[in-house]
1. Give, rounded to the nearest 20 debye, the magnitude of the charge dipole that segment 1-120 has about its Cα centre when Lys and Arg contribute +1 at Cβ and Asp and Glu contribute -1 at Cβ.
2. How high is the relative contact order of the chain, in percent, with contacts defined as C-alpha pairs under 8 Å that are six or more residues apart?
3. Set Lys and Arg Cβ to +1 and Asp and Glu Cβ to -1, take the dipole of segment 17-219 about its Cα centre, and tell me which of ALA192, VAL35, TRP79 lies farthest positive.
4. Equivalent-ellipsoid semi-axes (√(5λ), Cα gyration tensor) for the chain, whole Å, largest first?
5. What is the order of ARG94, ARG158, ARG88, fewest Cβ neighbours within 10 Å to most?
6. Can you compute the charge dipole magnitude of segment 17-219 about its Cα centre, using +1 on each Lys and Arg Cβ and -1 on each Asp and Glu Cβ, nothing else charged? Give it in debye, rounded to the nearest 20.
7. Working out 0.36 nm times the residue gap between CYS204 and SER80, then minus their Cα-Cα distance, what length gain in nm do you get to one decimal?
8. Suppose every Lys and Arg Cβ carries +1 and every Asp and Glu Cβ carries -1, with no other charges. What dipole size does segment 1-56 come out with about its Cα centre, to the nearest 20 debye?
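Computed from the coordinates by the stated procedures, all read-outs in this text should not be read as laboratory data. Keep in mind that this is a model prediction, so the values were computed, not measured. Every residue, glycine among them, receives a Cβ derived from its backbone with ideal geometry; neighbour counts consider all protein chains shown.
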Amino acid sequence: MQCLIQQLRDRKPDESGFVLGVAGSKGGVGKTTLVTNLAIAYAQFGLRVAIVDCDFDQRSAASWCRRRQERGSSPKITWSTTKLSELRQSSIIRSQAYDVIMVDTAGHANNVIGQLASVVDKLLFPTQSSIFDIERTNLMVHAAQNIEGLDFGVVFNRGRSPSKMRLQAVEEVPKLLDTHLPESVKLHDASAIGFGIGELDYNCSVAKSLREIALEAVDPNQKGIAENE
Ligand SMILES: Nc1ncnc2c1ncn2[C@@H]1O[C@H](COP(=O)(O)OP(=O)(O)O)[C@@H](O)[C@H]1O
Ligand SMILES: [Mg+2]
């Protein structure tokens, strides 16, 4: 099994889990989709996962968690909502009961990167393929680059590979993950019932991409081995 995933599994009880934040300069770029589906990907790797929803207006990730709870879905994903400014003090972040903690944020939050930087182990910025989205993402990337020690990556969402746009994005966006998240109606279907796509169809290509992204997010050297377990 992948070494870093194994390390997270074998964590000592007093060690904190890996905190993975997802942020973007606007709504609709796929932050919550990434948070919920990566949560399931990590859970399917056998890790204990929690979600902190800092998008205080929308609370979409929290609603998704609630839908799971109402359906009695397994694995259980613990969740809480908190203001971004209070993230550090949140009970889930302070708890040592989770191997991976996903943090969802609002698209327009001011100083979102600065507030996340001191809490997360890594930040992911989903971006879509239009030049406007790429430009806005690059603003966040530059802000992230200015914060010493902040590890982050950009996830290209809803593009076709290898489209012209994708190639353009590769050229223009630093720290782009190798694996992108394809457009898929199944992502919609899964979200609607409080599932991750990996629960709806474990073997579909989008679920495989999400497992690759999950591995790349915690350790870029692990890409390409998600399906070789
Ligand atoms: N790769 C994708 N394929 C299909 N639909 C997607 C994809 N990514 C996001 N969506 C859809 O786009 C909408 C916005 O995504 P969401 O994750 O809620 O964005 P955000 O949290 O950044 O506002 C949702 O309806 C979601 O299902
Ligand atoms: Mg959202």
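1. On the way: 15 positive and 10 negative charges, 48 e Å.
The calculated dipole for segment 1-120 is roughly 220 debye.
2. Numbers: 432 pairs, mean separation 58.3, N = 229.
Relative contact order comes out at 25 percent.
3. The residue sitting farthest along the positive end of the dipole is ALA192.
4. 23, 21, 18
5. Exposure proxy ranking, most exposed first: ARG94, ARG88, ARG158.
6. Roughly 460 debye for segment 17-219.
7. Numbers: separation 124, 0.36 × 124 = 44.64 nm, distance 2.98 nm.
Once the chain is fully extended between CYS204 and SER80, it gains 41.7 nm.
8. Roughly 100 debye, rounded to the nearest 20.
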